[in-house]
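The values are calculated or read from the model by the stated rules, or taken from the named source; none is laboratory data. Computed from a prediction, not measured in an experiment: that's the story for all the values here. Please note: Cβ atoms are built from the backbone with ideal geometry, for glycine as well, and neighbour counts cover all protein chains shown. The accessibility values were calculated without ligands, DNA or RNA, using every heavy atom of the protein model including side chains. Shrake-Rupley method; radii C 1.70, N 1.55, O 1.52, S 1.80 Å.
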Amino acid sequence: MGNFDFESARRFLDEGEYVEAIRCLLASLDADPANVEAYVVLFKAYDAAWHESGDPLVLDQMRKVAMAGLKRDANPEQRAFLEAALDRAEAVILEVQREEEEAERQEEKRLHKLPIIKD
């Protein structure tokens, strides 16, 4: 696990440089796709990016990372983390979808209540 990209990613994550951390972790996984710890750290980087940006596309990446990590030979601690991470990502995705649907319903109600001006 001593590859340069992985170590750089940890440093970037500690410094709050989430985009750079993600970039380095993806490069690390290209070099060593069996590195389950890189999936764990990548999930953490995406999670931090989600909290900073609120971008729903990040949630999908979080889900994909957790699923990909679970396909590898994870130790029990890593497996438990990734399973909980997947559950949490899916729960947040559902919550965001519900909020978007509610906002759409509210907007439709607002539009239907607009007064009609007659000549």
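Some notes on this structure:
- The set of residues from region 24-34 being touching a residue at least 12 places away in the same chain (Cβ under 8 Å) and open to solvent by 10 Å² or more (accessible area, probe 1.4 Å) comprises LEU26, ALA27, LEU29, ALA31, ASP32, PRO33, ALA34.
- Selection from region 107-119 of residues that are among the acidic types (Asp, Glu) and either at pLDDT 95 or above or open to solvent by 100 Å² or more (accessible area, probe 1.4 Å) (or both): GLU108, ASP119
- A single member of LEU42, LEU86, LEU70, LEU82 is more than 28 Å from PHE4 (Cβ to Cβ), at pLDDT 95 or above and in contact with a helix residue (DSSP H, G or I) (Cβ under 6 Å, 6 or more places away or on another chain), and it is LEU86.
- Single condition LEU70 does not satisfy, out of (1) open to solvent by less than 90 Å² (accessible area, probe 1.4 Å); (2) under 20 Å from ARG23 (Cα atoms); (3) hydrophobic (A, V, I, L, M, F, W, C): (2)
- In region 35-65, the qualifying residues are those that are aromatic (Phe, Trp, Tyr) and open to solvent by 20 Å² or more (accessible area, probe 1.4 Å), and the one that is farthest from ARG79 (Cα to Cα) is TRP50.
- Set side by side, the residues ALA49, ALA34 differ, and just one is closer than 22 Å to LEU86 by Cα and in a helix (DSSP H, G or I), which is ALA49.
- Test set (1) open to solvent by less than 60 Å² (accessible area, probe 1.4 Å); (2) in a helix (DSSP H, G or I) - GLU104 fails condition number: (1)
- For the residues ILE22, ILE93, the requirement of being part of a helix (DSSP H, G or I), hydrophobic (A, V, I, L, M, F, W, C) and closer than 18 Å to ASN3 by Cβ singles out ILE22.
- Residues being basic (Lys, Arg) and open to solvent by less than 60 Å² (accessible area, probe 1.4 Å) - total across region 73-84: 0
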